[in-house]
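Read through the structure below, which is laid out as structure tokens, and then see the notes.
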Amino acid sequence: MRAAIINQYGDSNELEVVDIAVPVIKADEVLVENVATSINPIDYKARQGLLQARFQWQFPVVLGWDVAGKIVAVGDDVDNFHVGDAVFARPDIDLLGKNGSYAEYTAVKADKLALKPENISFETAAAVPLAGLTALQMLRQLQVKAGQKVLIQAGAGGVGIYAIQLAKKIGAYVATTASQRNRDFVERLGADQVIDYHLNNIVDVLSDYDAVFDMVGDIDNGIAILKRGGHFVTVSAKLTEKQKQTAGKTVTEGWLDTNGKDLAILADAMADGTLDVVLDSVYPLTTRGIRSAHERSETHHARGKIVVQVKVTEKEEK
Ligand SMILES: NC(=O)c1ccc[n+]([C@@H]2O[C@H](COP(=O)([O-])OP(=O)(O)OC[C@H]3O[C@@H](n4cnc5c(N)ncnc54)[C@H](OP(=O)(O)O)[C@@H]3O)[C@@H](O)[C@H]2O)c1
């Protein structure tokens, strides 16, 4: 099968589309023939070698953790999904680094899957699992309720676009940070207040917040704007012991827990039109395409999600 691999850690030029073996599924897995995948910042961090403390992969490594496609084989223990089902998922990060989604086929544990809504394209579905699950679960960890004030950092990014919409769905008042050029964009997603982080520090504008969802490592300022009893979570930085033990406030790090049940909640919201998916850009799964997709992500200024179409050949790209 065609897959984008890296043979060593480094810059985007390490990515290359080659032929490798199709993954062999275990009893609790299905084999998904991917139509599309998407890029998340963890992809370029992994490519740079920043996850080596967590995962000791063996080269060649296949990156990518968003799957959208059709099931072509099911393991012996799988009875709730079938060959032909259109599905999407954030698969587990496998220990050897062989089972990423920059590939024509990915093995996925059945409990990570959800059915793709019929009225949603594979490209759109591919943009949701990792970022959408993070948004849903971090708002849950923050215990956001109707009427509360929540700050969502980086509202125009892959996680932010979902976090704003899901927090508004709960009934919260949502402040977000974005560059001026994204002000209208995040307001259309539902943000009540937009802070241009180039011009203003959040502590000069916000106070008495119930919850802060940090995606940019602005830890001390985020904690400072919380009211007593408020909740803070970061998905992009390591907290110091002092920060974790902030008196009267709950300060935590977050890591998504991939599961099909939560993904089905997002699928329902996509199907009924209450969760919009915004694509920043779409690239083909070719050597040039995947390198460009990573470079786009590394600008830190994608607006929404970067998607990669798997079913495109080098010839079609020209
Ligand atoms: N732990 C986990 O489970 C987990 C899961 C998902 C993501 N993450 C992490 O969460 C972070 C965000 O992920 P993502 O997918 O949303 O990234 P992304 O799509 O690359 O985010 C891009 C957005 O970040 C905004 N931005 C850049 N610098 C900013 C700043 N200083 N203040 C406010 N906004 C800023 C940009 O807004 P403008 O263009 O408007 O400036 C842009 O829209 C990454 O570090 C990622 O690794 C962790």
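Under the criterion of Cα pairs below 8 Å and six or more residues apart, the relative contact order for the chain equals 20 percent.
Using only the alpha-carbon atoms of the range 191-234 as identical scatterers, what base-10 log of I(q)/I(0) does the Debye formula give at q = 0.13, 0.26, 0.27 Å⁻¹? Each listed q maps to, in turn, -0.25, -1.01, -1.08.
Figure note: Y197, Y105, Y44 ranked by solvent-accessible area, largest first, 1.4 Å probe, ligands and nucleic acids not counted: Y197, Y105, Y44. Take the Cα of A237, step 7 Å toward its Cβ, do the same at D276, and the gap between the two points is 3.0 nm. Once you sort the root eigenvalues of the Cα gyration tensor of the range 112-176 as a ≥ b ≥ c, which label holds: rounded (a/c under 1.5), prolate (a/b larger than b/c) or oblate (the other case)? It is prolate, given that a/c is not under 1.5 and a/b is the larger ratio. Each peptide in 150-157, 266-273, 130-137, 198-205 receives the mean, over its residues, of other Cβ atoms within 10 Å, and ordering these scores from highest gives 150-157, 130-137, 266-273, 198-205.
With no solvent and one equal point scatterer placed on each C-alpha of the range 194-318, evaluate the Debye formula and give log10 I(q)/I(0) for q = 0.14, 0.19 Å⁻¹, two decimals. Evaluating at q = 0.14, 0.19 Å⁻¹ gives log10 I(q)/I(0) of -0.89, -1.15.
Between W255 and T299, residue separation times 0.36 nm minus the direct Cα-Cα distance comes to 13.6 nm.
Scaled against 2.2 N^0.38 Å for its residue count N, the alpha carbon radius of gyration of the range 1-70 is 1.16. One quarter of the convex hull surface built on the alpha carbon atoms of the chain amounts to 16.1 nm², the projected area averaged over directions.
The slack between V83 and L50, meaning 0.36 nm per residue of separation minus the straight C-alpha distance, is 8.2 nm.
Put simply, the range 1-118 fits an ellipsoid with semi-axes of 25, 14, 13 Å; these come from the alpha carbon gyration tensor as the roots of five times its eigenvalues, largest first.
By the Kirkwood approach, averaging reciprocal distances over each pair of separate Cα atoms, the range 131-253 gets a hydrodynamic radius of 13.9 Å. Between S207 and D11, full extension at 0.36 nm per residue minus the direct alpha carbon distance yields a gain of 66.5 nm. Rolled with a 1.4 Å probe across the full set of protein chains, the surface gives R291 an accessible area near 60 Å².
If you build a Gaussian network model of the chain, linking Cα atoms that sit under 10 Å apart, which residue out of N80, N40, N259 swings the most? Comparing N80, N40, N259 in a Gaussian network model of the chain, the most mobile one is N80.
The values are calculated or read from the model by the stated rules, or taken from the named source; none is laboratory data. On a predicted model such as this, the values are computed, not experimentally measured, just so you know. Using ideal geometry, Cβ is built from the backbone for each residue, glycine included, and neighbour counts are taken over all protein chains shown. Side chains are part of the model used for accessible areas, which takes the heavy atoms of the whole protein and leaves out ligands, DNA and RNA. Shrake-Rupley method; radii C 1.70, N 1.55, O 1.52, S 1.80 Å.
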